[in-house]
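The values are calculated or read from the model by the stated rules, or taken from the named source; none is laboratory data. Fair warning: this is a prediction, and the values are worked out from it, not measured in the lab. Cβ: placed from backbone, ideal geometry, glycine included. Neighbour counts: every protein chain shown.
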Amino acid sequence: MDVQDVLLRFGELTLKGRNRAWFEDQAVREVKRAIAAFPNAVVEKDYGRLYVRLNGEPYEGVREALGTVFGLVSFSPVIRVPLELDAILDAVLSAIDAKRPEPRTFKISVRRANKRFPYTTRELNPMLGSRVLERRPHLKVDLHRPDIEVSVEIRDTEAFVYSDTIPGLGGFPVGTNGKAVLLLSGGIDSPVAGWLAMRRGLAIEAVHFHSMPYTSDRARQKVIDLAAVLARYCGQMTLHLVSFTDIQLRLKSACPEHLLITMMRRSMFRIAQTIAGLRGARGIVTGESLGQVASQTLASLHVIGKVADLPVIRPLIATDKTDIVRLAEKIGTYSISIRPYEDCCTLFVPKSPSTNPNLRVVERFEHYWDWLPSLEREAAERAETLEVTPQGPLRDREAIESLF
């Protein structure tokens, strides 16, 4: 098949109603971002459809790039031919001949957007079908479960013919549902949660807490590499690296050991919320999964989440670990997440963390810690901010303190 265009399909919810034009613009932006490495390829809108005109660019490369676009439900490689029956028939036969394994049954579906074309849809379907049977007598028509269905679209100046449908990622284009910050650790869960949040249309900025010098440069690089993988799906990921060492050491000496994880998580949420406010984000995304660790019991989630005024989004809350691992492998983060470099939480885990913390007790401790708010504000102000592309950090940006 001489593929010349790619037909793109976005979910109906994305392209419905009064917001349709805006959603289409966001979809076009994301497609252009994905195929930027193919400068001759262009995105076009026609009759409510979106197309990528390859203009000589390799279809396989463009196909791989389109596999990173959220909101794209499916896409099809298209043969473009003149508005002539013989040319359309040749394209239909080419699509059938290219099908593997070799089909025994077929169906033709015509969509006539150009009402000036001399044949109606009802006429074209049997007309093309009979000609295919003449040229390929071993085939049979099956309107219900054909081995191959060839679609023909009659446009203003040409016809499009296609037969393959490649599944896309689905969801919504990134940014169409607002922005949130992602608590990105070096583990398996949080990158998957970030990917799922982006799939639902959230633009995300990642916040990572480190405990230098107790954690290593390799642990830092691990998180940057995770952000680079996520950037494949949005073009660029903002990563805020927050030094959490001073807060952890003070908490370790000030609070009962069994409440340490609870106190640390509450502090992280407050810092993340501060950064979210500075960056125009309206939610906090976490990789928490119910019952997976002590800080993820229902009681712990309640006490920890109480500090946040913003919505806390937990895409993995009812997901089994095996399913999380499977998705991490699919999106490309798993092999990075299992590198043996510890993050700040694993270094300070108590022997018996509380699974049922008491909110009043926790708040009473924090009430008397007048040093904690200033340390949290300082941690947010001094966060190191990187712009991470799929190839790695773009450059160091100004620290977030410049925004205060």
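A few comments on the model shown:
- Search result, residues across segment 87-104 that are free of Cβ contacts under 8 Å to residues at least 60 places away in the same chain and buried (at least 19 other Cβ atoms within 10 Å of the Cβ): Leu89, Pro103
- Segment 333-352: number of residues that are at pLDDT 85 or above and either on the phi > 0 side of the Ramachandran plot or part of a loop (DSSP other than H, G, I, E, B) (or both): 4
- Within segment 279-294, the set of residues being more than 22 Å from the chain's Cα centre (by Cα), within 10 Å of Thr319 (Cβ to Cβ) and small (Gly, Ala, Ser) is empty.
- Count of segment 182-210 residues, restricted to those that are in contact with a Ser or Thr (Cβ under 8 Å, 6 or more places away or on another chain) and either part of a helix (DSSP H, G or I) or of a type in the set (D, E, K, R) (or both), is 7.
- Scanning segment 279-293 for residues that are farther than 11 Å from Glu205 by Cα and crowded, with 19+ Cβ neighbours inside 10 Å yields Thr286, Gly287, Glu288, Ser289.
- Residue within segment 291-298 that is part of a loop (DSSP other than H, G, I, E, B), closer than 23 Å to Ala272 by Cα, among the aliphatic types (A, V, I, L, M) and modelled with pLDDT of 95 or more present: no
Conditions tested, residue by residue: (1) under 22 Å from Arg382 (Cα atoms); (2) among the aliphatic types (A, V, I, L, M); (3) not in a strand (DSSP E or B).
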{"position": "Val174", "(1), (2), (3)": "no, yes, yes"}
{"position": "Leu239", "(1), (2), (3)": "yes, yes, no"}
{"position": "Leu251", "(1), (2), (3)": "yes, yes, yes"}
{"position": "Leu259", "(1), (2), (3)": "no, yes, yes"}
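- Any hit, segment 31-53, residues being part of a helix (DSSP H, G or I), of a type in the set (A, V, I, L, M) and either modelled with pLDDT of 95 or more or more than 22 Å from Gly175 (Cα to Cα) (or both): yes
- Taking the listed residues Gly186, Gly171, the one that is on the phi > 0 side of the Ramachandran plot and surrounded by 20 or more Cβ atoms within 10 Å (Cβ to Cβ) is Gly171, with no other qualifying.
- Number of positions in segment 211-245 that are in contact with a Ser or Thr (Cβ under 8 Å, 6 or more places away or on another chain), closer than 17 Å to Tyr334 by Cβ and of a type in the set (Val, Ile, Thr): 2
- Total residues in segment 144-166, condition assigned to a loop (DSSP other than H, G, I, E, B), at pLDDT 95 or above and not charged (D, E, K, R): 3
- Subset of segment 176-194 [among the polar types (S, T, N, Q) and modelled with pLDDT under 95]: Thr176, Asn177, Ser185
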